[in-house]
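Undergrad: Before anything else, here's the structure in question.
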Amino acid sequence: MAEKRTSIPQDLAQELVKIIRLLAMSGKKNFKKYLYDPFIYAGWEREKSHSALAASKMIDKIQEDSRNPSYLHTIPHQCKRLISQGIIESLSALGDSCIFFLERIQEAQNIAFSPEALEFVAVLEKPLKEFEKVTSNNNEKLFEDSIKNFSKEELKSAFEPVKLDGTRQKVYLDTEVHTLYQQILSAAKVNNLVRCKKLLSRYIINYSDSETYSEQEVDNLLDALGKREPGFKETLRDSLAIELYFSITKGILEGNAKKAIQGIRKYAHIFEGDPNTKYYYEIDALERKLYGIIQAKDLMKELRKGV
């Protein structure tokens, strides 16, 4: 028998946010099937008479209450009421409300451990993972079809390394990393670490394969963060893998094969073929499709020259 969950891991909450965003791209029918219907079945609409506020107003109120330590214990229950309001308001309001609750779960341990969060994710997780599996199964065919007709120039463009637009952007990025380092040294709240994880993820994904990437700065930041929060490096790796996988999937669903290819290559660069990384097998299958087509077009030597 599986061990009963006592809290919601940050990486799971992050994954569910990404799946909801993909679900919103897939149309009303899927959104209703995989998000709205599970809450109806679980009976979450029963609290609809408890609030006269619109979901957007409730979000504003919860955010305000989150800043007051006296109200922190009320946030999970307020989030549950928010979901109930979103259900009766619109599919868009429900999606926004679910994402809001999942983001709060990532930011605060007391919310991640709350009975409301556990119940919420118990309703969401199975149908959303089912949708994710359906999407993943379709990705390979969609991706293969989109890159089969790529010209040599389009493939070369997709394989170009990241280039920064001049000195000002480089200075800005260096400043961002130094600012992060100072924030970590003075951080005393979990929210600061969550923000640092997001900024570090963006920096690593965008620039780890460029010549201007400050690898030593990143290592220093990770060491500092690891001292403040054990397991931070592992959490960051999971976060990076999730961000890249869903960026690749979004690119495929949008018909933006170049974006998908760049995401696949960034994933390979950052994780260096580690099969223990999240989404390794899904992305490896896409990468095999990509290089199979490159070899079939006899473009491997030419692409290597341009990279």
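Undergrad: Could you please find all residues in segment 110-127 being closer than 16 Å to P9 by Cα and open to solvent by less than 30 Å² (accessible area, probe 1.4 Å)?
TA: I111, A112, S114, A117, F120, V121, V123, L124
Undergrad: Moving on. Pick from segment 130-158 the residues that are under 18 Å from I248 (Cβ atoms) and of a type in the set (D, E, K, R): which of them is least open to solvent (accessible area, probe 1.4 Å)?
TA: The extreme case among them is E132.
Undergrad: Another question about this same structure. When you check P275 against the structure, is it closer than 29 Å to D145 by Cα and either without any contact (Cβ under 8 Å) to a residue 40 or more places away in the chain or touching a strand residue (DSSP E or B) at 6+ places or on another chain (Cβ under 9 Å) (or both), yes or no?
TA: Against the criterion (closer than 29 Å to D145 by Cα and either without any contact (Cβ under 8 Å) to a residue 40 or more places away in the chain or touching a strand residue (DSSP E or B) at 6+ places or on another chain (Cβ under 9 Å) (or both)), P275 qualifies.
Undergrad: Going by the conditions given, is K289 of a type in the set (D, E, K, R), open to solvent by 50 Å² or more (accessible area, probe 1.4 Å), in a helix (DSSP H, G or I) and within 17 Å of F143 (Cα to Cα)?
TA: yes
Undergrad: Something else: Please specify each residue of segment 221-234 satisfying the condition of being modelled with pLDDT of 80 or more and open to solvent by 50 Å² or more (accessible area, probe 1.4 Å).
TA: Of everything in segment 221-234, those that are modelled with pLDDT of 80 or more and open to solvent by 50 Å² or more (accessible area, probe 1.4 Å) turn out to be D223, K227, P230, K233, E234.
Undergrad: Determine, yes or no, whether Q295 is polar (S, T, N, Q) and surrounded by 19 or more Cβ atoms within 10 Å (Cβ to Cβ). Show your work before the answer.
TA: Working: polar (S, T, N, Q): yes; surrounded by 19 or more Cβ atoms within 10 Å (Cβ to Cβ): no.
No, not satisfied.
Undergrad: Look through segment 214-236, keep the residues that are in contact with a Lys or Arg (Cβ under 8 Å, 6 or more places away or on another chain) and of a type outside the set (A, V, I, L, M, F, W, C), and return whichever of them is farthest from R265 (Cα to Cα).
TA: Ranking the qualifying residues of segment 214-236, first place goes to G226.
Undergrad: Something else about it: Condition check: at pLDDT below 90, open to solvent by 20 Å² or more (accessible area, probe 1.4 Å), assigned by the TED database to the domain that holds K32 and in contact with a Phe, Trp or Tyr (Cβ under 8 Å, 6 or more places away or on another chain). Does E107 satisfy that?
TA: When the stated conditions are applied, E107 does not pass them.
The values are calculated or read from the model by the stated rules, or taken from the named source; none is laboratory data. In this text the structure is predicted, and so the values were computed from the model without any measurement. Every residue, glycine among them, receives a Cβ derived from its backbone with ideal geometry; neighbour counts consider all protein chains shown. Quick note on the areas: whole protein, heavy atoms, side chains included, nothing else; ligands and nucleic acids left out. Shrake-Rupley method; radii C 1.70, N 1.55, O 1.52, S 1.80 Å.
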